[in-house]
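Here the structure is laid out as structure tokens; the discussion comes afterwards.
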Amino acid sequence: MTTRRIKRVSTSQPTLEGAGVHLNRAFGNSDIKLFDPFLLLDDFRSDSPEHYRKGFPWHPHRGIETITYVLRGDVEHGDSLGNRGDIGSGDVQWMTAGSGIIHQEMPKGDRAGRMEGFQLWANLPAADKMMPPRYRDIGAAQIPTVNLASGAVIKVVCGRVGDVHGPVRDVVIEPLYLDVALPPDVTFLHPTPSDHTVFAYVHAGRGRFEETDRGELGNRSLVLYDRGEQVGITSTAEGVSFLLVAGKPLGEPVAWGGPIVMNTQSELQQAFDELRSGTFIKHG
């Protein structure tokens, strides 16, 4: 089985989003072809409420899916369809914007003021960009945990580890989304379809992300893999925790304007025209 080599290593960069939220962006608009079918990964971990409490007030989305995973704290959300709720520690929200939704996300943090989480954007194929919007709210208790003999602990949001499947299914890009924690000096091997885009994002500890002596990588490191049939990650003496994400590339043109991602500039322009005219929302 061919083990993937590292194609690119980078570090997420500080940026401001929403009404003034301080976060670190692992990848985004300039990396469309490299990370297809994924568009963006934001790391919004902070111990300072002033960095996140202004949140992400009402804004539109069309043509994408947003996947929000909260490690610690609480995010309140609401939308133009009347949905309201909270995403708490360990929870995931998989939102399919489809034809259009207007929503807000307001991080609240925990009692100590800590907020930790990630938001990943996945592109929708042209055939599904105008599908009805939907939410999949997945509580922490619904996300299976796999404990390997090596001591590795894996939370399976989607995809599978051995015979354990994550709760998110029937997504066209066939995604894998794992949160992996390795104790010291353990190697984790995981199979991947050879044609899928695969990346890892470190959120604690340090590890080596291919079977060579290539340097150790730590917190906020992003590893994009080349093609292969499996990944191999080895922890250092302090252990390592990381997100492992994979998906089937769409190979379609991308027209991206802020929170809206379509296939052509005319589709993008139509979306913004509909926002101005009040006809953006297609489904009650």
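The values are calculated or read from the model by the stated rules, or taken from the named source; none is laboratory data. Here the structure is a predicted model, which means the values were calculated and not measured. When we count neighbours, we look across all protein chains shown, and the Cβ atoms used for this are built from the backbone with ideal geometry, even at glycine. Heads up: the accessible areas ignore ligands, DNA and RNA and are worked out on the full protein's heavy atoms, side chains in. Shrake-Rupley method; radii C 1.70, N 1.55, O 1.52, S 1.80 Å.
Could you give the radius of gyration (one decimal) and Dmax (whole number) of the Cα atoms in the chain, in Å?
18.5, 58
Helix 265-277: angle to the longest alpha-carbon principal axis of the chain, degrees 0 to 90, nearest 10?
50
Just the accessible area for residue 76, please: 1.4 Å probe, Å², rounded to the nearest 10?
Here the residue's solvent-accessible area equals roughly 80 Å².
Just to verify a number: what accessible area does residue 94 come out at with the full protein assembly present, 1.4 Å probe, Å² rounded to tens?
Rounded to the nearest 10, the figure is 10 Å².
Considering only protein heavy atoms and a probe of 1.4 Å, how much of the accessible area of the chain is carbon and sulfur, as a whole percent? Working shown, then result.
Numbers: 5790 of 12180 Å².
Carbon-and-sulfur percentage of accessible area, whole number: 48.
Arrange the residues 116, 238, 274 by how much accessible surface each exposes, largest first, with a 1.4 angstrom probe.
Per-residue accessible area, sorted high to low, gives 238, 116, 274.
Return the single residue from 123, 263, 147 with maximal mean-square fluctuation; model: Gaussian network over the chain, springs between Cα atoms under 10 Å.
147
Give me the compactness ratio for region 52-203, meaning the Cα radius of gyration over 2.2 N^0.38 Å.
Relative to the 2.2 N^0.38 Å estimate, region 52-203 comes out at 1.10.
List the lysines whose Cα sits under 23 Å from the Cα of residue 155, skipping any in the same chain fewer than 8 residues away.
Straight-distance partners of residue 155: 248.
Using alpha-carbon pairs under 8 Å, 6+ residues apart, how would you state the relative contact order of region 71-146 in percent? Please list the in-between numbers first.
On the way: 126 pairs, mean separation 30.3, N = 76.
Reported relative contact order: 40 percent.
Using the Cα centre as the reference, give the magnitude of the dipole from point charges on the C-beta atoms of the chain (Lys, Arg: +1; Asp, Glu: -1; all else neutral), rounded to the nearest 20 debye. Please report the intermediate quantities before stating the final value.
Working: 29 positive and 35 negative charges, 30 e Å.
With only Lys, Arg, Asp and Glu charged at Cβ, the dipole is about 140 debye.
Between beta-carbons, use under 12 Å as the cut-off and find the net charge around residue 230, counting Lys and Arg +1, Asp and Glu -1. Before the final figure, lay out each step's value.
On the way: positive: 4, 5, 227; negative: 210, 211, 229.
Every neighbour counted, the sum reads 0.
Among DSSP beta bridges whose residues both lie in region 125-194, state the antiparallel percentage, nearest 5.
If we restrict to bridges inside region 125-194, about 90 percent are antiparallel.
Tally Lys and Arg at +1 and Asp and Glu at -1 over the other residues with C-beta under 12 Å from the C-beta of residue 134: what net charge comes out? Don't skip to the answer; put the middle values down first.
Values: positive: 136; negative: 65, 79, 128, 137, 170.
Net of charged neighbours comes to -4.
Cα-based Rg (one decimal) and Dmax (whole number) for region 123-187, in Å?
Reported Rg and Dmax, both Å: 14.8, 47.
Taking Cα pairs under 8 Å and at least six residues apart, what relative contact order does the chain come out at, in percent?
Numbers: 770 pairs, mean separation 57.8, N = 284.
Rounded, it is 20 percent for the chain.
Under a cut-off of 12 Å between alpha-carbon atoms, report the aspartates and glutamates in cross-link reach of residue 108, not counting same-chain residues fewer than 8 places apart.
47, 50, 74, 76, 86, 116
Computed FRET efficiency, Cβ-Cβ of residue 147 and residue 58, R0 51 Å: what is it to the nearest 0.05?
Plugging the Cβ-Cβ distance into 1/(1 + (r/R0)^6) gives 0.80.
Just to be sure I understand: of the beta bridges DSSP finds with both ends in the chain, what percent are antiparallel, rounded to 5?
95
Any idea of the accessible area per residue across region 145-210, 1.4 Å probe, to the nearest Å²? List each step's numbers first, then the result.
Details: 2750 Å² over 66 residues.
Ligands and nucleic acids excluded, the result is 42 Å² per residue.
Considering only 83, 181, 102, whose Cα is most displaced toward the positive end of the charge dipole of the chain, charges sitting on Cβ of Lys, Arg (+1) and Asp, Glu (-1)?
102
What ranking of 65, 50, 252 comes out by heavy-atom accessible area, probe 1.4 Å, highest first?
Result, largest first: 50, 252, 65.
Tell me what the chain gives for mean residue ellipticity at 222 nm when only DSSP H runs of n ≥ 4 count, each as -39,500 (n - 2.57), the sum divided by the residue total, rounded to 500 deg cm²/dmol. Walk me through the numbers on the way to the answer.
Working: 2 runs with 17 residues, N = 284.
Rounded to the nearest 500, the figure is -1500 deg cm²/dmol.
Taking a probe of 1.4 angstrom, what is the accessible area of residue 36 in Å², to the nearest 10?
30
Could you sort 187, 3 by their accessible area in this structure, using a 1.4 Å probe and putting the largest first? Spell out each step's value before the answer.
Working: 187 75, 3 30 Å².
Output order, biggest surface exposure first: 187, 3.
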